[in-house]
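Peer 1: Okay, handing you the structure first.
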């Protein structure tokens, strides 16, 4: 079942299926290794849900809720 990254809970692991949107945000995510087929893990979520810290390719990355909503995972 596909979800957006911001729907996952701390400790969840998922595989990136695709990135929605275009432009600078998508380019930045791709440059940081957030690409199709990559496994990610939710490390931390701030109390109000923003930012979301994920582990991708062995390093931690903080994403805004808006950015996370553009990442489709399964």
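Peer 1: Could you calculate the FRET efficiency of residue 20 with residue 41 from 1/(1 + (r/R0)^6), where r is the beta carbon distance between them and R0 is 30 Å, rounded to 0.05?
Peer 2: Numbers: r = 21 Å, r/R0 = 0.69.
Taking R0 as 30 Å, the efficiency between residue 20 and residue 41 is 0.90.
Peer 1: Would you calculate, for the chain, the mean residue ellipticity at 222 nm contributed by helices, counting each DSSP H stretch of 4 or more residues as -39,500 (n - 2.57) and dividing by all residues, to the nearest 500?
Peer 2: -3500 deg cm²/dmol
Peer 1: Please work out how much length the chain gains when fully extended from residue 1 to residue 13, using 0.36 nm per residue of separation minus the C-alpha to C-alpha distance, in nm with one decimal.
Peer 2: 3.0 nm
Peer 1: Counting pairs of alpha carbon atoms under 8 Å apart in space and at least six apart in sequence, what relative contact order in percent does the chain give?
Peer 2: 43
None of the figures in this text is laboratory data; all of them are computed from the coordinates on show. Keep in mind the model is a prediction, meaning the values are calculated, not measured. Cβ coordinates were reconstructed from backbone atoms using ideal geometry, including for glycine residues, and neighbour counts include every protein chain displayed.
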